[in-house]
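**Q** Sending over a structure as structure tokens; questions will come in a sec.
Every read-out reported here was derived from the displayed coordinates using simple, explicitly stated rules and does not represent laboratory data. Here the structure is a predicted model, which is why all the values come from computation and not from measurement. Ideal geometry is used to build each Cβ from the backbone, glycine not excepted, and the neighbour counts take in all protein chains shown.
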Amino acid sequence: MSERPETNGAESLVRTLVAGGADVCFSNPGTSEMHFVAALDRVEGMACVLCLFEGVATGAADGWARMTGRPGLTLLHLGPGLANGLANLHNAKKAGTPLVNIVGEHTTQHLGYDAPLTSDTEGVARPMSHWLRTGRDSRGIAQDGADAITAARTACAAGPGQVATLILPADTAWGPGATPVMPAAPPARPAVSDEAIAAAVAAIRRGSETLLFLGADAVRAPALALAGAIAAKTGAKIMGRTSLARIERGAGHVVLPRLPYPIDLSLETLRPFSTLVLLGAPDPVAFFGYPGKPSRLAPEGAEILPVADGTYDLMDALERIAEAVGARVADAPRAALARPPLPNGTLTAETAMTAIAALMPEGAVIVDESITSGRHTAPITANAPPHDWLQITGGAIGIGPPLALGAAVAVPERQVINLQADGSAMYTLQALWSQARVRAKVLTVIWSNRSYAILTGELMAVGATNPGRKALDMLSLDDPALDWVSLARGMGVPALRADTAEAFVAAVRAGLQENGPFLIEAVI
């Protein structure tokens, strides 16, 4: 690499990131990142979105990457700033999202003085990162950035990418840089062995007693069409993991039911199957351990065939299975377009979703952090116009508003609809401000049941019966009630409250005409 005297380390890093496709930075910077910030003005091709909390930055980078397929990018301030973003990095890691974190650090000589913000930044990063490196000098930081891009684009068991974290000491940013480095291509995903394919084919030919359990890339439209064709030909069933990073659904797509979250319902759902064929999905387990209930959800004695995780070429595997059983993609059953009539009367999660299915535009992106209220609403949109569906993948709540922000920045011409639980929305409320700042086309629907409703069910599931006032107070958001209309307007987002189906329909129509962020508080 030849040195360019006019370029510092930060500039060479930014140029490398842009060359690698990470050209939108979701940022919450501090003093140690100021040379990186300054480089944004001197380097063409990098856009920046300011986020008022690091958990918004990490969640938004996840949403952007899920929609573009390119590495999402964050800029975070030292170990404590990174720590603020860890929950949504956990979600991104579970989603298999390609993501690069640039985390500022004190200068090398300053670290020895134990300043107030000094921490074990590598120790903070390690649990939520597949790849981790601390830059050592300004001339090598471009190569470090290129290696981070390659790592982010390398598949993991959960999906097509990894979380890569590059720690950037301030002196490596302001020191003399070098020419940018073009990131190397990630390693090709290997083909599944012939033996594993043969075992899968034999199981699938048994018909309805076999479940093809899907995750990672196996739920994307081309792969899902093959899975649907295989099921139609053999009588086997298909099902997705409880939480999927991204799935194309609606009219023209294969309908994919998902494994329910509640443990009793999930056990009942899997009871008919004697064999589970795993493609891009792990052996299904409960979210938590419950007294007297199993952790593994498949029936006792069921055969589990782990054909391939996300590190393998899942599309190739499905093509080979389809060929072996004589399935044709053209024969895959697909949903037909059928908008429901507009609802009236009482507003519930079901009537609200009926209104959304009736009014949503083609090509919408639905970001689902409904938790409890959305548990039974996905089938309502199965025949809606074609759309993408993004979910919380790691269970760390507070991803919905930032995930919607990132998706809207990635595909600004498309309408994003965020189905959002009220309790978890409070974790990353600041995302509304960033949505307003960039005029993100996000319609946020807050399910305002004024409680952590999911925990009420969990209280029963773990056998904690007859809860008293202290316990119930820990699950209630009603004293005082959250005023979502005021909160949204305070962030620069227009908002309406709806407590009837008719009022909700009017609010959705208003939100879809806004061409920018809009929030509806749905009192259910």
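**Q** Highest first, please rank the peptides 31-37, 139-145 by the mean number of other Cβ atoms sitting within 10 Å of their residues.
**A** Output ranking for 31-37, 139-145: 139-145, 31-37.
**Q** Oh, and also: Quick one: go through segment 392-434 and flag any residue whose amide nitrogen is under 19 Å from the point 7 Å out along the Cα-to-Cβ line of C48.
**A** Counting backbone N atoms under 19 Å from the label point, the list is 406, 409-410, 431, 433-434.
**Q** Please list, in order, the residues from segment 212-253 whose amide nitrogen is less than 13 Å from a point placed 7 Å along the Cα→Cβ vector of S274.
**A** none
**Q** May I pose another question? In the set (i) 25.6; (ii) 33.9; (iii) 41.7, which value of mean projected area of the Cα convex hull in nm² was calculated from the structure you see?
**A** (i)
**Q** Same structure, new question: Would you work out which of A170, P183, T97 lies farthest towards the positive end of the dipole of segment 87-186? Charges go on Cβ: Lys and Arg +1, Asp and Glu -1.
**A** T97
**Q** Ranked highest first by the average count of other Cβ atoms within 10 Å around their residues, in what order do 490-502, 243-255 fall?
**A** Result, highest mean first: 243-255, 490-502.
**Q** Looking at the chain, do any whole DSSP H helices span at least 18 angstrom along their long axis by alpha carbon and average 0.0 or above on Kyte-Doolittle, and which?
**A** Membrane-span-like by this criterion, though nothing is claimed about a membrane: 221-234.
**Q** When only Cα pairs under 8 Å and 6 or more residues apart are kept, what is the percent relative contact order across segment 67-119?
**A** After rounding, I find 52 percent.
**Q** Another question about this same structure. So, in Å, what gap is there between the alpha-carbon centers of segment 1-65 and segment 363-436?
**A** Distance between centres, Cα-based: 26 Å.
**Q** How far apart, in nm, are the 7 Å Cα→Cβ label points at H376 and V325?
**A** For the pair H376/V325, the computed spacing is 3.1 nm.
**Q** Using only Cα atoms, locate the centre of segment 469-507 and the centre of segment 142-199, then give the distance between them in Å, rounded to an integer.
**A** Their Cα centres are 42 Å away from one another.
**Q** Got a sec? Charge dipole of segment 3-178, +1 on Cβ for Lys and Arg, -1 for Asp and Glu; which of H106, V24, H77 is way out at the positive end?
**A** Checking the options against the dipole of segment 3-178, the answer is V24.
**Q** State, as an integer percentage, the relative contact order of segment 313-402 based on alpha-carbon contacts under 8 Å between residues 6 or more apart.
**A** 27 percent
**Q** If you don't mind, there's one more thing I want to ask. According to a simple spin-label model (label point 7 Å from Cα along Cα-to-Cβ), what is the distance in nm between D499 and T179?
**A** Simple spin-label model gives 6.8 nm for this pair.
**Q** Can you tell me the relative contact order of segment 278-360? Whole percent, Cα pairs under 8 Å, sequence separation 6 or more.
**A** Contact order relative to length: 22 percent.
**Q** Tell me, K237, K94 in order of fewest to most beta-carbon neighbours within 10 Å?
**A** Listed from fewest to most nearby Cβ atoms, that is K237, K94.
**Q** May I ask you to list the aspartates and glutamates whose Cα is less than 15 Å away from that of K293, ignoring any residue fewer than eight positions away on the same chain?
**A** Here the aspartates and glutamates satisfying the reach criterion relative to K293 are D264, E268, E458.
**Q** Okay, next question. Rounded to the nearest 5, what % of the DSSP beta bridges within the chain are antiparallel ones?
**A** So the antiparallel bridges amount to about 15 percent of the total.
**Q** Kindly list the residues of segment 8-37 that lie in the label zone of T118, defined by a backbone N under 19 Å from the point 7 Å along the Cα-to-C-beta vector.
**A** Within reach of a label on T118, which here means backbone N under 19 Å from a point 7 Å along Cα→Cβ, segment 8-37 contributes 31-33.
**Q** Next up: If the only charges are +1 at each Lys and Arg Cβ and -1 at each Asp and Glu Cβ, what is the size of the charge dipole of segment 213-346 around the Cα centre, to the nearest 20 debye?
**A** 480 debye
**Q** If I model a spin label as a point 7 Å beyond the Cα along the Cα-Cβ vector, how far apart are those points for E514 and Y290 in nm?
**A** That separation, rounded to one decimal, is 3.7 nm.
**Q** At a Förster radius of 41 Å, what calculated FRET efficiency corresponds to the Cβ-Cβ distance of V255 and S476, to the nearest 0.05?
**A** Efficiency, rounded to the nearest 0.05: 0.65.
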